[in-house]
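Some notes on the structure that comes next.
No lab work stands behind these numbers, since they all come straight from the coordinates. Nothing here was measured: the structure is a model prediction, and the numbers come from that model. Counting neighbours? That spans all protein chains shown, and the Cβs are built from the backbone with ideal geometry, glycine included.
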Amino acid sequence: MGYRDWFNKHADKHERIVQKLLVRDFSEKEIIDYFDFKNMVKMEVDFCRLYKDNKKCHDMDSLNCYLCACPNFRFKDEGIQKIENKTQYSVCNIESKDGRQGVYGEKIHQDCSGCGVPHHRIYVEKHFDLDWKNAMKKCAL
Ligand code: SF4
């Protein structure tokens, strides 16, 4: 599956959860609380492939899943540019000091494994939008 397909499928899953919570009259704060890893891993096991193993994507005490994937992640399935004989597929829009470009054979991908930016609650609060795709777009500005 390419990134665009994953992105659209993830948006659908996200929307289903948010709509369910809105029907229950959850406030913005309660929605953000719900998306905390400790709750999501129990309540929404299909949301992330790591949940079934009770694993976090980043080693953080408090990890929020609302803005996964990161709004700063830029990806083109067809490639962004050629760098020498390699194709770059993804970058970090804010050039986070905790991210890096990983080279995998002929491919260059953004490696976010050391960066927890989108998982901090304060970041989620700042960029919150009920529509996950909008939240992703807003951060692109
Ligand atoms: S390096 Fe950090 S801020 Fe940049 S795209 Fe990855 S997770 Fe987001």
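Per 10 Å bin, what is the whole-percent P(r) computed from every C-alpha pair distance within the chain?
11, 39, 36, 12, 2, 0
Using DSSP loop states and a limit of at most 16 other Cβ atoms within 10 Å to flag GluC sites (Glu not before Pro), what is the longest stretch of the chain containing no flagged site?
Numbers: sites that count: Glu78, Glu84, Glu95, Glu106.
With a cap of 16 other Cβ atoms within 10 Å, the longest stretch comes to 1-77.
If exposed means no more than 12 neighbouring beta carbons inside 10 Å and the site is in a DSSP loop, what's the longest run of the chain without any exposed trypsin sites (Lys or Arg not before Pro)?
Values: sites that count: Arg24, Arg49, Lys55, Lys97.
Value returned for the longest uninterrupted segment is 98-141.
Relative contact order for the chain using alpha-carbon pairs under 8 Å, separation at least 6, rounded to a whole percent?
Details: 172 pairs, mean separation 32.8, N = 141.
Relative contact order for the chain comes out at 23 percent.
From the backbone phi of the stretch 87-102, what are the Karplus-calculated ³J(HN,Hα) couplings (6.51 cos²θ - 1.76 cosθ + 1.60, θ = phi - 60°) in whole Hz, Gly and Pro given as x?
Result, rounded to whole Hz: 10, 8, 9, 8, 9, 9, 5, 10, 6, 3, 5, 8, x, 7, 8, x.
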